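The values are calculated or read from the model by the stated rules, or taken from the named source; none is laboratory data. Treat the numbers as computed from the prediction; the structure is a model and nothing was measured. Quick reminder, even Gly has a Cβ in these numbers, built from the backbone with ideal geometry, and neighbours come from all protein chains shown. Surface areas here come from the heavy atoms of the whole protein model, side chains and all, with no ligands, DNA or RNA. Shrake-Rupley method; radii C 1.70, N 1.55, O 1.52, S 1.80 Å.
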Amino acid sequence: VEGTLFIVERQSEPIFRMIIMNRLGPDNLIEDISPYLAFEDNAGFLLCKNSQGEVTGLWFYEEKERKECNQMISNLLSELKRSGSTSGQSSNIPEPKSSSSQQQ
């Protein structure tokens with residue numbers, strides 16, 4: 001999967017979701033952002049492990065964009081854990097930016 005990364009806030013559960021619109025084929029990456037999501041900035045990649053144990057590596061061309069995305073997702077995860085919800089509620093999270101990303 002290679003394409004633009006979106007972090008979206010939805011009206012229904014799960015409230016927060018990460019989507020990579022695949023420019024190489026019809027299959028997009030869709031990952032719910034929930035308290036069960038483990039996220040780590042490691043060696044130039046953002047590593048994401050979901051509740052099923054699947055690991056996704058996100059690569060960003062710009063280090064600054066990777067760090068901004070990591071901070072945004074970390075803020076969302078903190079909010080979800082604080083609220084005790086599986087999906088969270090709308091809050092003071094800054095508007096998401098789209099960024100080019102590539103799954104490894």
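Quick notes on this one:
- Scanning the range 44-60 for residues that are more than 17 Å from residue 71 (Cα to Cα) and not β-branched (Val, Ile, Thr) returns 50, 51, 52, 53, 54.
- Taking the criterion of being surrounded by 16 or more Cβ atoms within 10 Å (Cβ to Cβ) and at pLDDT 50 or above, the residues of the range 63-100 that qualify are 65, 66, 68, 69, 70, 72, 73, 76, 77, 79, 80, 87.
- Taking the criterion of being modelled with pLDDT under 95 and either farther than 14 Å from residue 56 by Cβ or more than 11 Å from the chain's Cα centre (by Cα) (or both), the residues of the range 27-38 that qualify are 34, 35, 36.
- Identity of the residue in the range 39-77, among the hydroxyl-bearing types (Ser, Thr, Tyr) and more than 13 Å from the chain's Cα centre (by Cα), that ends up farthest from residue 4 (Cα to Cα): 51
- Candidates are the residues of the range 1-43 that are surrounded by 12 or more Cβ atoms within 10 Å (Cβ to Cβ) and among the small types (Gly, Ala, Ser); the one that is nearest to residue 66 (Cα to Cα) is 3.
- In the range 56-82, the residues that are without any contact (Cβ under 8 Å) to a residue 40 or more places away in the chain reach residues that are open to solvent by 10 Å² or more (accessible area, probe 1.4 Å) and among the acidic types (Asp, Glu) with C-beta atoms within less than 8 angstrom, at least six apart or across chains, in these pairs: 66/41; 67/41; 70/41.
- Out of 14, 35, sole residue that is touching a residue at least 12 places away in the same chain (Cβ under 8 Å), touching a Lys or Arg at 6+ places or on another chain (Cβ under 6 Å) and of a type outside the set (A, V, I, L, M, F, W, C): 35
- Checking the stated criteria, residue 47 turns out to be in contact with a Phe, Trp or Tyr (Cβ under 8 Å, 6 or more places away or on another chain) and either on the phi > 0 side of the Ramachandran plot or modelled with pLDDT of 90 or more (or both).
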